[in-house]
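Structure first, then comments.
The values are calculated or read from the model by the stated rules, or taken from the named source; none is laboratory data. Since the model is a prediction, treat every value here as computed from it, not as a measurement. Reconstructed Cβ throughout: ideal geometry from the backbone, glycine too, with neighbour counts over all protein chains shown.
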Amino acid sequence: MAAELILAFMEFIDRRAGMPLQRLADQVLTRCRELTGAEAGTIFVLGKSGRRRELVPMSFQNDVIQLRAQSYHVAIDSASIASWVAQNAKPVFVDDLYQLSLELPYRFNRTFDLQNGYRSQSMLAFPLISYEGEVIGVVQLINRRTGDQSRVEVFSERELGLIAPVNAIIGTALDRAAMIERITRQNRELRERNRLLRQQRLQIAGLQDQTEDAFMTSVRLLAKAAELNDADTGNHILRVDEYAFALARRVGMASDFCDEIHYSAALHDVGKMSVNSAILKKPGRLTDEERLEMERHTTYGREILVRSARLKMAAEIAHGHHEKWDGAGYPQGLAGTAIPIAARIVTVGDVYDALRSPRAYKPGFGHLEACDIMLKGDARIDPASHFDPELLRIFENCHPEFDRIYTTLVDGLPEMAGMAAGNGD
Ligand SMILES: [Fe+2]
């Protein structure tokens, strides 16, 4: 009979293998009480509060009185029966808790009974032992009643034997619960770490935006600084940015290239800040020596810009925007595709803008007249030797866009005034 009951109990437990620990403890306690006839019982598990070990009630049942949620914990080093069982890993059988011999090493705490009007009498308390042989909790069963409900019977080894499998089951369940708790905690920590990472990525993106804004402001200020030395002011540098951007898109350059030339073109004459202002502002014809110094603004510009990786294209433009397709330009006399494409693009916009802008020695030409000179040439400009023929062909197809840029950013607009540098002298 006992063996059958044990087997039935093991099956009962086995079917509940995946159950959360709390519910499992409740059902195990109910089953233990059914098997032994106990009218009340508690399952404690061993926990820690700081450095102090204590027994925490996981399931608490009593058929006689209404129970409120139990929050009391039993210190492991107290004189209670449960803590003695936990410390000694041995069961305790008590026939009457109120008649405990003073010679015993544990005491019965009557507080619960007094507060609830209950009378605890017989008790079976036994330790829960894990697979590793460690005490992980205590089960306490109170007041065995079987036949005559008015009489409290005592617990014996037989009852203990009936419910022996509880150890293995609760042990496994506790291990599993601890593992689930650990995984849940780790998942929570991972989620928190991911949240922080996302937050940091947003902050970095914000900082990158700020850095980008600061970079663009620096580029504008650098371009503006160059014009302080120059005789011709206006929106020239802004227009050259726009011509270059428009032409680069028409050529079909990649969007990164177009974005880069959109701010780099403005720096084409930045080297002028290193040229003597007396030469830059000289109204009359330059001597050969002065012209050579003037032409050096290309090399000076490269020297200023080449230090920054972000300004590599700007350095190429500053260095190469006075080179000519036939190799007759300066400073290196590069020809054809040896001239960087960004510089070839800027040359078209720079010359067009110089033709449109009024100078001390000439009036500003109208759009069609400027186009005529760009495409057919005049005394100063030979288009075939000056420009990349492919770029010139594209210019011929999109020149109204150049006119729109010039008229939109024409010199004298209040918000633009004073932002430009001189043109391609
Ligand atoms: Fe120039």
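Here are a few things to note about the model shown:
- Within the stretch 381-407, if we keep just the residues that are within 16 Å of the ligand (Cβ to nearest atom) and part of a loop (DSSP other than H, G, I, E, B), the residue that is modelled with the lowest pLDDT turns out to be ILE381.
- Condition check for HIS321: under 45 Å from the mean Cα position of the chain (by Cα), at pLDDT below 90 and crowded, with 24+ Cβ neighbours inside 10 Å: no
- So GLY171, is it in the same structural domain as PHE60 (by TED's automatic domain parsing), of a type outside the set (S, T, N, Q) and surrounded by fewer than 20 Cβ atoms within 10 Å (Cβ to Cβ): yes
- Odd one out for TYR330, checked against (1) part of a helix (DSSP H, G or I); (2) within 11 Å of the ligand (Cβ to nearest atom); (3) not polar (S, T, N, Q): (1)
- Residue within the stretch 408-419 that is assigned to a helix (DSSP H, G or I) and modelled with pLDDT under 95 present: yes
- ILE345 meets all of the listed conditions (1) surrounded by fewer than 24 Cβ atoms within 10 Å (Cβ to Cβ); (2) away from the ligand (no atom under 13 Å from the Cβ) but one, namely (1).
- The residue list GLN140, GLN121 contains one member that is touching a residue at least 60 places away in the same chain (Cβ under 8 Å) and within 21 Å of GLN61 (Cβ to Cβ), which is GLN140.
- Selection from the stretch 225-240 of residues that are crowded, with 18+ Cβ neighbours inside 10 Å and either of a type in the set (Lys, Arg) or within 14 Å of the ligand (Cβ to nearest atom) (or both): ALA226, GLU227, ASN229, ASP230, ASP232, HIS236, ILE237, ARG239, VAL240
- Positions within the stretch 267-279 being in contact with an Asp or Glu (Cβ under 7 Å, 6 or more places away or on another chain) and within 11 Å of the ligand (Cβ to nearest atom), in sequence order: HIS268, LYS272, VAL275
- Identity of the residue in the stretch 305-317, among the aliphatic types (A, V, I, L, M) and either surrounded by 14 or more Cβ atoms within 10 Å (Cβ to Cβ) or modelled with pLDDT of 95 or more (or both), that ends up nearest to ALA343 (Cα to Cα): ILE317
- Single condition GLN210 does not satisfy, out of (1) closer than 17 Å to PRO91 by Cα; (2) not in a loop (DSSP other than H, G, I, E, B): (1)
- Within the stretch 68-90, the set of residues being within 25 Å of GLN149 (Cα to Cα) and touching a residue at least 12 places away in the same chain (Cβ under 8 Å) is empty.
- Matching residues, the stretch 62-120, being closer than 15 Å to THR42 by Cβ, at pLDDT 85 or above and hydroxyl-bearing (Ser, Thr, Tyr): SER80, SER83, THR111, TYR118, SER120
- Of all residues in the stretch 370-388, those satisfying the criterion of being surrounded by 14 or more Cβ atoms within 10 Å (Cβ to Cβ) and of a type in the set (Asp, Glu) are ASP372, ASP382, ASP388.
- Residues that are under 18 Å from GLU401 (Cβ atoms) and among the charged types (D, E, K, R), drawn from the stretch 352-367: ASP353, ARG356
- Between ASP256, ASP269, ASP241, the distinction of being among the acidic types (Asp, Glu), assigned by TED's automatic domain parsing to the domain that holds GLU401 and farther than 18 Å from THR347 by Cβ belongs to ASP256 only.
- Test: residue in the stretch 279-297 that is among the hydroxyl-bearing types (Ser, Thr, Tyr) and either closer than 27 Å to TYR406 by Cα or under 39 Å from the mean Cα position of the chain (by Cα) (or both): no
- Unique residue being surrounded by fewer than 22 Cβ atoms within 10 Å (Cβ to Cβ), charged (D, E, K, R) and closer than 22 Å to PHE215 by Cα when the list is ARG296, ARG250, ARG302: ARG302
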